[in-house]
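The values are calculated or read from the model by the stated rules, or taken from the named source; none is laboratory data. Model, not experiment: these values are computed from the prediction. Quick reminder, even Gly has a Cβ in these numbers, built from the backbone with ideal geometry, and neighbours come from all protein chains shown.
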Amino acid sequence: MAEPVDVVEALKAEFPDAVEDVIEEFGELTLVVKRESVPEICKFLRDADGLRFKMLADITGVDYYPQNPRFAVCYHLYSLDFNRVVRIKTYTDENTPVPTLTDLWPAANWPEREIYDMFGVRFEGHPDLRRLLMPPNWEGHPLRKDYPLGDEPTQFSFNWRRIDAGKPYVVRPPESDSD
Amino acid sequence: MEVELSEVKVESEHFWWGSLEDLRGVISDRAFKGETMLLHMGPQHPTTHGVLHLLLELDGENVVNCVPDIGYLHTGIEKTMESKTYVRAIPLTDRMDYLNPPANNLAYVLAIEKLIGIEVPPRAQALRVIFAELMRIASHLVWIGIFGLDMGAMSMMLYCFRERERILELYEMVAGQRMMGTYIRPGGVWRDVPEEFFPAVREFLDIFRHKLDDYERLLRRNPIWEERTHGVGVVSADEAIALGMTGPCLRASGVNWDVRKAMPYCGYEQYEFDIPIGENGDVYDRYWCRFREMEQSARIIKQAIDNMPDGPVMSDDRKWVPPPKSEIGHSMESLIHHFKYWTEGIRPPKGEVFVMIEAARGMMGCYLASDGGPHPYRVHFRQPTYMHISALPHIVKGMIIPDLVAVLGSIDIVLGDVDR
């Protein structure tokens with residue numbers, strides 16, 4: 001087995017323009033990279049000797065509203081051989097899609113769908129970009145910061161009729177003109 | 001009265017999740033020509049272990065494509081947590097994987113602790129380990145019971161739930177609740193265990209050892225069960241990694257990876273235990289790994305009780321941890337800390353962390369981003385079962401329906417965990 005290689009040095013040598021920022025805090029390494037180079041960087045991290053980040057641990061999105069570009073997509077890659085995690089982070093806005101990772105890992109399929117569902121970030125080349133958790137006819141993307149937190153009153157015996165009267169399935173008799 | 005067939009309208013516009021046209025590419029073109037059949041399995045089906053909906057494209061009895069549809073239990077926990085303070089969001093995490101709540105607490109609390117950099121006393125660490133392992137056993141017991149039920153070994157469920165109930169009683173003794181205990185808090189655990197707790201756990205472990213043998217005999221001497229698990233649903237090691245499978249499902253495929261060994265947390269490095277590794281990656285190996293894991297969990301609990309350190313169960317760093325009730329009566333400072341903690345909450349420094357733990361079903365990750373305010377800016381849970389269901393279509397292609405039930409049972413899903 002090859003010796004572990006420093007992730008930042010290897011990436012900067014291979015992709016001099018793509019890495020925009022390197023953050024090390026709380027003992028974790030974050031690499032902010034350009035949106036369009038995410039797949040090739042991830043492919044390099046997965047296959048190169050001394051890196052071998054073979055497991056896609058997680059993909060998640062963050063909404064930094066009102067910052068522009070407002071969305072961040074975080075990829076957490078894990079190396080089984082060298083037991084370490086790296087976070088790849090890229091920024092995007094509502095209209096610009098991020099290239100998909102489904103060609104590299106089938107595991108990227110559902111997390112990307114979830115980010116599309118929850119944030120409205122589109123993934124270019126995704127084979128099946130439908131909503132995952134919300135119903136297909138849902139409007140809006142719930143995890144956006146400008147999406148309000150809704151609530152539903154709980155029906156008990158004492159407030160049953162009042163709440164029930166406001167439900168959409170209630171059909172009121174048509175008002176007649178005579179009286 | 002006769003009905004003209006032409007009058008019967010099929011409202012394809014309002015198919016159960018939009019129009020069938022959306023699925024072009026996911027299901028084959030043969031389905032659109034009517035050569036294969038589309039069958040809905042679930043959302044209320046006994047073998048889907050909750051409200052999971054599978055759309056099966058069938059050629060005879062062979063599964064051509066399988067399209068899982070989740071979200072029936074989606075309660076927006078991640079969104080709700082953003083509006084709570086850090087500590088008040090912990091009870092929500094209990095509700096995700098409801099068969100293994102302490103692990104959910106643990107992932108979230110470890111993420112907070114990583115942000116604030118707090119030292120946890122050794123007694124609290126050991127108690128965390130005890131409850132994580134007890135609930136791992138409880139969760140695996142439920143799994144084996146229900147899996148037996150799926151596979152034609154019906155008595156398993158009755159026996160397994162009996163032992164699980166004993167574990168829940170132990171949890172109730174300490175946390176005051178059978179399942180949603182919210183026992184693990186930032187800086188330690190909620191309170192110390194009562195005197196009768198350790199003898200009760202020892203008694204349970206003594207009984208449990210014999211019960212495990214019974215269960216194994218119940219299953220292994222059941223020819224139907226044996227027949228339906230060997231060589232079914234094989235996943236190779238590389239495939240399992242690429243599909244994001246973790247935990248017993250990954251280890252059944254022969255990959256030696258357990259977060260407790262790879263990146264020890266809560267002092268797991270002090271305990272001696274083995275990681276059971278399968279060979280074939282089939283349904284039987286997944287069962288075997290879980291079964292052996294229960295034995296190892298019992299081993300860890302025994303060591304933890306034998307070497308239980310004395311001392312506090314909560315850190316005394318008043319910036320992050322509330323003062324005990326006894327202090328509030330005579331210390332003005334404690335009163336202020338108490339008030340600030342429960343009204344405003346804690347304010348971890350700005351940043352983001354990703355924590356991985358080994359939950360009962362696999363690697364559970366918690367991504368926590370803080371903006372320096374009293375509310376979590378973004379919490380995301382990477383759930384093992386979520387990845388396992390997303391891997392299901394790849395595993396079951398070409399199988400027959402009874403094998404699909406076996407595979408679905410063997411990957412051990414909890415829909416509360418998947419949908420969050």
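For this structure, a couple of remarks:
- Top-ranked residue of the stretch A:118-134 - restricted to ones that are crowded, with 19+ Cβ neighbours inside 10 Å and not in a loop (DSSP other than H, G, I, E, B), ranked as nearest to the other protein chains (Cβ to nearest Cβ): A:Met118
- Considering residues of the stretch A:102-117 that are in a loop (DSSP other than H, G, I, E, B) and more than 7 Å from chain B (Cβ to nearest Cβ) only, the residue surrounded by the fewest Cβ atoms within 10 Å (Cβ to Cβ): A:Asp103
- Matching residues in the stretch A:28-52 - criterion: being over 12 Å from A:Val7 (Cα atoms), assigned to a helix (DSSP H, G or I) and not hydrophobic (A, V, I, L, M, F, W, C): A:Arg35, A:Glu36, A:Ser37, A:Pro39, A:Glu40, A:Lys43, A:Asp47
- Some residue of the stretch B:397-410 being within 12 Å of chain A (Cβ to nearest Cβ) and of a type outside the set (D, E, K, R): no
- B:His338 being farther than 14 Å from B:Pro186 by Cα, loosely packed, with under 12 Cβ neighbours inside 10 Å and not hydroxyl-bearing (Ser, Thr, Tyr): no
- One residue alone among B:Ile305, B:Ile300 is touching a Phe, Trp or Tyr at 6+ places or on another chain (Cβ under 6 Å), modelled with pLDDT of 90 or more and surrounded by fewer than 18 Cβ atoms within 10 Å (Cβ to Cβ), and that residue is B:Ile305.
- Leading residue by the ranking (nearest to A:Leu101 (Cα to Cα)) among those in the stretch B:242-289 that are part of a loop (DSSP other than H, G, I, E, B) and aliphatic (A, V, I, L, M): B:Leu243
- Subset of the stretch B:363-376 that is touching a residue at least 60 places away in the same chain (Cβ under 8 Å) and surrounded by fewer than 19 Cβ atoms within 10 Å (Cβ to Cβ) - its residue that is nearest to B:Arg347 (Cα to Cα): B:Pro374
- Among the residues of the stretch A:5-27, those identified as surrounded by fewer than 16 Cβ atoms within 10 Å (Cβ to Cβ) and either modelled with pLDDT of 90 or more or outside any loop (DSSP other than H, G, I, E, B) (or both) are A:Val8, A:Glu9, A:Lys12, A:Ala13, A:Glu14, A:Glu20, A:Asp21, A:Val22, A:Ile23, A:Glu24, A:Glu25.
- Filter result (of a type in the set (Ser, Thr, Tyr), facing chain B (nearest Cβ under 10 Å) and more than 17 Å from the chain's Cα centre (by Cα)) within the stretch A:50-87: A:Tyr78
- Some residue of the stretch B:366-378 being assigned to a helix (DSSP H, G or I), more than 9 Å from chain A (Cβ to nearest Cβ) and not β-branched (Val, Ile, Thr): no
- Residue count for the stretch A:139-153, restricted to those that are of a type outside the set (A, V, I, L, M) and surrounded by 12 or more Cβ atoms within 10 Å (Cβ to Cβ): 5.
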